[in-house]
Amino acid sequence: MNNKIFYAILFATLTTWSCSDTEDYSLGTLTPPSNVVIQADVIGKTADLPNGDGSGDVAFTIKADNALSYRIDYDASDPLNLVNLPIGKITRKYTKLGTNTYIVTAVVYGAGGTSTTVTKEITVLSNFIADPTIINNLTGGTSKSWSVDPSVAGHLGVGEYKDAVTTPAWWAAGINEKVGCCNCFYTATFKFSKTASGFTLDVISPDGAFTKTGTLAGGLPGIPASGDEGCYAYSGGSNTFSFVPSSTGVPASAPSTKTSILLSGNNTFIGYGATKKEYEIMILTPTYMYLRVQGTETGNAWYLKLKSL
């Protein structure tokens, strides 16, 4: 058979099958979630304590019609960080000291990717006093300086920034690993002081700040907008800090003090210029400190081992 005739017959046959088997499909009406409500129960709230008992805990429940999944952002003043809520319920600890107002955003998803967004304003009281042992170990009672310890493996590590994950499962530095590229990581010192009015941190880093790009370095002054990990010109900084309860839900069995160092302003850092200013204290003795902080990329946790000087 002539090839042209054969292909003509084949094309006609396939066309006939295609036409005869064609069916119409419809997604139906895609109705977005409606009647979305953010229920925020501030723990310990009473007539005498309208902003809660000082724990900073708030129990959230998101309700909606035609809902398939829920996500929530706890504080509109920070970059948007929508957390998945499988059943629309979670308890969140707000750690900023004093009475503070937050705008909470909930996004509820329905069929076909439809969504509805609502916001709610809440006011929460957080009173927190750190364990005196933590204060004394960090400051020596007056002031104490610390630096990253290059002589131990894992003095820098990376893992998932997730409540239940408390180890640098993705990568850990070897001894002296950053000496060749980024020795400023080891020569910087961090002086923690206890004063009559609170606590201060003085950062002395003559060889520069160890970080990545200005937008990912928590706003450290002078860091360029783009660039790889390395040492960047930094004139040092001084600012206050406070002790707050850890904002992560670390399991009770995990090696964590459940206490964080929260830096004020943008001109100081500890070890690594990171996205967040909350450094969770995993372990702290008079001579050894193990910290975790959200790193230069959202979703990454950076682990730091420091020694007292």
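Quick look at the values:
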{"quantity": "Y279 without any contact (Cβ under 8 Å) to a residue 40 or more places away in the chain, assigned to a strand (DSSP E or B) and in contact with a Leu (Cβ under 9 Å, 6 or more places away or on another chain)", "calculated": "yes"}
{"quantity": "Residue among I122, I134 that alone is in contact with a Ser or Thr (Cβ under 9 Å, 6 or more places away or on another chain), modelled with pLDDT of 95 or more and either surrounded by fewer than 18 Cβ atoms within 10 Å (Cβ to Cβ) or in a loop (DSSP other than H, G, I, E, B) (or both)", "calculated": "I134"}
{"quantity": "Matching entry among V148, V158 (being touching a Pro at 6+ places or on another chain (Cβ under 6 Å) and either surrounded by fewer than 18 Cβ atoms within 10 Å (Cβ to Cβ) or within 14 Å of Y272 (Cβ to Cβ) (or both))", "calculated": "V158"}
{"quantity": "Filter pass, E297 being touching a Cys at 6+ places or on another chain (Cβ under 9 Å), at pLDDT below 90 and either within 20 Å of V148 (Cβ to Cβ) or exposed (fewer than 15 other Cβ atoms within 10 Å of the Cβ) (or both)", "calculated": "no"}
{"quantity": "Residue pairs meeting the criteria (Cβ under 9 Å; at least 6 apart or on separate chains; first within 18 Å of G98 (Cβ to Cβ), in the stretch 229-257; second of a type in the set (D, E))", "calculated": "N239/D202; F243/D131; V244/E278; S246/E278; S246/E280; S247/E278; S247/E280"}
{"quantity": "Wholly enclosed strands (runs of 3 or more DSSP E) of the stretch 1-114 bearing at least 3 residues modelled with pLDDT of 80 or more, touching a strand residue (DSSP E or B) at 6+ places or on another chain (Cβ under 7 Å) and among the β-branched types (V, I, T)", "calculated": "34-42, 57-65, 98-109"}
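The values are calculated or read from the model by the stated rules, or taken from the named source; none is laboratory data. Since we're looking at a predicted model, the values are computed, not measured. Positions of Cβ are generated from backbone atoms using ideal geometry, with glycine treated the same way; all protein chains shown enter the neighbour counts.
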